[in-house]
Amino acid sequence: MLAVNFFLLAAVLFCIGVYGVIARRNAVLVLMSVELILNAVNLNLLGFSLYNAESGNVNIDGHVFALFIIAIAAAEVGVGLAMVMLVYRNRRSIALDELSEMRG
Amino acid sequence: MIALLAQDGAELPDVNVAVNVSFYAIAAVMLFAAIRVVSTRNIVHAALWLVIVLSGMAAQYLLASAEFVAVSQVLVYVGAVMVLFLFGIMLTRAQIGAEGNLNNRNWPLGIPVALLLAGVMGWAIIDFFSDDTLPEPNSGASTQAISDQILSPYLAPFLAVTFVLLAAAIGAIVLARKD
């Protein structure tokens, strides 16, 4: 398989995630876009671990990094949704453009 | 590119047709689902499209011969994170249906940013890797090899990740607790 396949797919998914972070107003949808970005990075790590395989033996380091990213992403979603819930309880809305108290 | 190589009489690279066909099929489904995640007007549908993207990602991990990471992806993302997202949607919204104002006022700004980023990254990737092929692995990365890596050279980061998860769990409880 061509190496560019994995990396181009990961790049396009990353850009879709970036668009979602910029365009979305709902905090839960922004967290979903962040998940898209993290998954694109994971695909890159696994693609590179295959790309750097020596004599047919896959390079394991990329797999370990991907597992770490999965764990960190799970923690991030937990804390992020708890914060979203706190904002919702205080303001009855999770629209990100209404959170403007810290505007200078 | 492969046809050109064959015409030149060069050695034909190892191309596994089944792997390529399944890669392109899954990639097409994933791209469509990802675009629906960031464009749909129904927030529950966005979560369900995200399930398709994450499952397709697990299938791509299998094609990259990363069985353990693929299973972890299904367990953590499709199993746990999606349930968390659906809980978040249910607890923060009253109506489950189409909603008009899920986007920012200046959402069109995101399109040129994403296209520019995709153009630059795509150009760099194609320029650097042009015709390189991924090697066919002898076997998948064994779970034993991964555990050997995690529990000896990566032991300190692994312990750090466990503390991060503990801190995240405590932090989530403290934040979401009703006083």
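The values are calculated or read from the model by the stated rules, or taken from the named source; none is laboratory data. What you see is a predicted model; the values in this text were computed from it and never measured. Cβ atoms come from the backbone with ideal geometry, glycine included; neighbour counts cover every protein chain shown.
Being of a type in the set (G, A, S), in contact (Cβ under 8 Å) with a residue 60 or more places away in the chain and over 29 Å from B:G122 (Cβ atoms), is that true of even one residue in the range A:24-32?
yes
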Exercise for the section: Go through the residues of the range B:113-128 one by one and say whether even a single one is surrounded by fewer than 16 Cβ atoms within 10 Å (Cβ to Cβ), within 24 Å of the chain's Cα centre (by Cα) and closer than 20 Å to A:A71 by Cβ. Expected result: no
Problem - Subset of the range A:19-30 (residues that are within 7 Å of chain B (Cβ to nearest Cβ) and surrounded by fewer than 22 Cβ atoms within 10 Å (Cβ to Cβ)) - result: A:I22, A:R25
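Across the range A:64-89, what is the total count of residues that are more than 7 Å from chain B (Cβ to nearest Cβ) and closer than 21 Å to B:L102 by Cβ?
Just the residues of the range A:64-89 that are more than 7 Å from chain B (Cβ to nearest Cβ), to begin with: A:65, A:69, A:73, A:76, A:80, A:87, A:89.
Remaining after also requiring closer than 21 Å to B:L102 by Cβ: A:80, A:87, A:89.
Residues flagged as more than 7 Å from chain B (Cβ to nearest Cβ) and closer than 21 Å to B:L102 by Cβ within the range A:64-89 amount to 3.
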Handout entry: Test for A:G78: is it farther than 26 Å from B:S147 by Cα and surrounded by 20 or more Cβ atoms within 10 Å (Cβ to Cβ)
Key = no
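Consider the range A:31-52. How many of its residues are over 22 Å from B:V38 (Cβ atoms) and either surrounded by fewer than 20 Cβ atoms within 10 Å (Cβ to Cβ) or not small (G, A, S) (or both)?
Residues of the range A:31-52 over 22 Å from B:V38 (Cβ atoms): A:45-52.
Among the residues that remain, those that are also either surrounded by fewer than 20 Cβ atoms within 10 Å (Cβ to Cβ) or not small (G, A, S) (or both) are: A:45-46, A:48, A:50-52.
So the answer is 6.
Would you call B:L31 within 15 Å of A:S33 (Cβ to Cβ) and either part of a helix (DSSP H, G or I) or touching an Asp or Glu at 6+ places or on another chain (Cβ under 7 Å) (or both)?
Taking the combined requirement at face value, the residue satisfies it.
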Exercise for the section: Of the numbered conditions (1) facing chain B (nearest Cβ under 7 Å); (2) more than 16 Å from B:M30 (Cβ to Cβ); (3) at pLDDT below 90, A:N5 fails exactly one; give the number of that condition. Expected result: (2)
Handout entry: Residue check, B:P112 modelled with pLDDT of 90 or more and not in a helix (DSSP H, G or I)
Key = no
Fill in the blank from the handout: By residue number, the members of the range A:34-63 that are touching a residue at least 12 places away in the same chain (Cβ under 8 Å), more than 8 Å from chain B (Cβ to nearest Cβ) and over 21 Å from B:A59 (Cβ atoms) are A:V34
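From the list B:A27, B:A64, B:A47, B:A34, pick out the single residue that is closer than 24 Å to A:C15 by Cα, at pLDDT below 90 and within 10 Å of chain A (Cβ to nearest Cβ).
Values: B:A27 fails: at pLDDT below 90; B:A47 fails: at pLDDT below 90; B:A34 fails: at pLDDT below 90.
Exactly one of B:A27, B:A64, B:A47, B:A34 is closer than 24 Å to A:C15 by Cα, at pLDDT below 90 and within 10 Å of chain A (Cβ to nearest Cβ), namely B:A64.
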Handout entry: Candidates B:N16, B:N20, B:N106, B:N101, filtered to the one that is surrounded by fewer than 17 Cβ atoms within 10 Å (Cβ to Cβ) and more than 8 Å from chain A (Cβ to nearest Cβ)
Key = B:N106
